[in-house]
1. Taking the stretch 39-75 as the search range and keeping residues that are among the polar types (S, T, N, Q) and either in contact with a Pro (Cβ under 7 Å, 6 or more places away or on another chain) or more than 25 Å from M27 (Cβ to Cβ) (or both), which one is modelled with the lowest pLDDT?
2. Filter the stretch 1-15 down to residues that are surrounded by 13 or more Cβ atoms within 10 Å (Cβ to Cβ) and either of a type outside the set (A, V, I, L, M) or in a helix (DSSP H, G or I) (or both), then give me how many there are.
3. What is the one condition in (1) assigned to a helix (DSSP H, G or I); (2) surrounded by 12 or more Cβ atoms within 10 Å (Cβ to Cβ); (3) without any contact (Cβ under 8 Å) to a residue 24 or more places away in the chain; (4) not charged (D, E, K, R) that S47 does not satisfy?
4. Which of the residues belonging to the stretch 4-38 are more than 12 Å from V51 (Cα to Cα) and touching a residue at least 24 places away in the same chain (Cβ under 8 Å)?
5. Determine the pairs where a residue that is charged (D, E, K, R), located within the stretch 71-90, has a partner that is in a loop (DSSP other than H, G, I, E, B) and surrounded by 11 or more Cβ atoms within 10 Å (Cβ to Cβ) with Cβ atoms under 6 Å apart, the partner being 6 or more residues away or on another chain.
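The values are calculated or read from the model by the stated rules, or taken from the named source; none is laboratory data. In this text the structure is predicted, and so the values were computed from the model without any measurement. Note: ideal-geometry Cβ built from the backbone for every residue, glycine included; neighbour counts use all protein chains shown.
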Amino acid sequence: MPTQATRSEVLSRLKNIKGHIAGIERMVEEEQSCSNILIQLSAIRASIEKVGIFILENNALECLSGNAEPKLEDKQKMEKAVKQIISFLK
């Protein structure tokens with residue numbers, strides 16, 4: 001991950017997911033209903049997918065721009081293309 005801000009965001013999201021998993025573990029230990037547990041698992045799955053998309057988006061933009069700072073117009077075109085790809089993947 002190229003930037004500290006990206007690393008920090010990913011780590012924050014992963015820690016949030018980790019806490020959510022601990023909550024589900026408690027739910028299982030407390031023998032809560034399967035439907036409630038499945039709802040929480042679904043939320044975690046969505047969170048993991050969002051982290052993956054965030055990493056994909058940031059990595060794609062970094063790879064496309066290379067080491068040089070692209071012109072504003074080129075950067076906007078790259079961002080649009082990446083957003084279209086991510087939209088298609090959802």
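1. Looking at residues that are among the polar types (S, T, N, Q) and either in contact with a Pro (Cβ under 7 Å, 6 or more places away or on another chain) or more than 25 Å from M27 (Cβ to Cβ) (or both), I get N67.
2. Total satisfying the criteria: 5.
3. (3)
4. Listed by number, the list holds a single entry, H20.
5. none
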